[in-house]
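This report concerns only the one structure given below.
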Amino acid sequence: MRNFIGNLLLKIKNKIFGIDPRPQLEILKDTGLTIGENCHIMENCTFDMGHCWLITIGDRVTMAPRVNIIAHDASLKNTLGYTMLGKVTIGNDVFIGAGTTVLPGVTIGDKVVIGAGSVVSKDIPSNSVAVGNPARVIKTFDEYFESKKELMQSSPVFGEEYKVDKIDDAKKEEMKNLLNDKTGFIV
């Protein structure tokens, strides 16, 4: 009975204050955000709530924590009287690194890696790696893939037992020792 009353009070409070208890992505999809299959959106990513129907995300897209996707620019609203709008299109097989901001009017092609902390203010072509503020293409995706594949040959590689939900203290210590001033790879 106590749980029933608590849940009822929460629903009433949400209704009075206009709070939607559903997950953010579910609300955004209902408002028009288009998002493909097998996407992984990590914590604290934000999407332009006021214009989310202008955002299209393809299949197999990963967004690391704190990615911001913005479809409007109100910087001149007070002086011009208008806010600029722009569609944001993110292709298939894209990885967007932590803390990246994607600005209005940008298209990111297929098979793209955007480095952490980048500001994407212009289109990024398919099959590329882009980094920086403003983001610029530094190599092709294929070059990036081959360089990491090569690096794997001389780096520590960790299996399933090292994943966050499975690792124990001994394996954490082992990982620290093996990485000693190096990078490594985990499944």
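Over the chain, the hull volume per residue, using the convex hull of the C-alpha atoms, is 178 Å³. Helical content alone sets the calculated 222 nm signal of the chain at -8000 deg cm²/dmol, taking -39,500 (n - 2.57) per DSSP H segment of four or more residues and averaging over every residue. Surface analysis of the stretch 71-187 yields an accessible area of 63 Å² per residue, using protein heavy atoms and a 1.4 Å probe. Spatially, the stretch 155-187 and the stretch 110-137 are offset by 29 Å when compared through their Cα centroids.
For the stretch 105-169, the pair-distance distribution built from all alpha carbon pairs, in bins 10 Å wide starting at 0, is 20, 34, 25, 19, 2 percent.
Estimated at 0.36 nm per residue, the fully extended path between Lys122 and Leu178 surpasses their Cα-Cα distance by 16.2 nm. Note on surface exposure: Ile186, Ile27 rank Ile186, Ile27 by accessible area, highest first, 1.4 Å probe. With a threshold of 31 Å on the Cα-Cα distance, the over-threshold entries among Lys149/Lys176; Lys29/Lys148; Lys87/Lys139; Lys29/Lys166 are Lys29/Lys148; Lys29/Lys166.
Quick check on the chain: of the DSSP beta bridges with both residues there, what percent are antiparallel, nearest 5%?
20 percent
Please compute the length gained on full extension between Tyr144 and Thr79, using 0.36 nm multiplied by the number of residues separating them and subtracting their Cα-Cα distance. Spell out each step's value before the answer.
Details: separation 65, 0.36 × 65 = 23.40 nm, distance 4.40 nm.
Result: 19.0 nm gained on full extension.
With R₀ fixed at 30 Å, the C-beta to C-beta distance from Phe185 to Ile27 puts the FRET efficiency at about 0.25. Applying the criteria of a DSSP loop state and at most 12 other Cβ atoms within 10 Å to the chymotrypsin sites (Phe, Trp or Tyr not before Pro) of the stretch 44-140 yields Tyr82. Free of any GluC sites (Glu not before Pro) that DSSP assigns to a loop and that have at most 14 other C-beta atoms within 10 Å, the longest stretch within the chain is 44-187.
The values are calculated or read from the model by the stated rules, or taken from the named source; none is laboratory data. Just so you know, these numbers come straight off a predicted model, no measurement behind them. Cβ atoms come from the backbone with ideal geometry, glycine included; neighbour counts cover every protein chain shown. Only protein heavy atoms, including side chains, enter the accessible area calculation; ligands, DNA and RNA are left aside. Shrake-Rupley method; radii C 1.70, N 1.55, O 1.52, S 1.80 Å.
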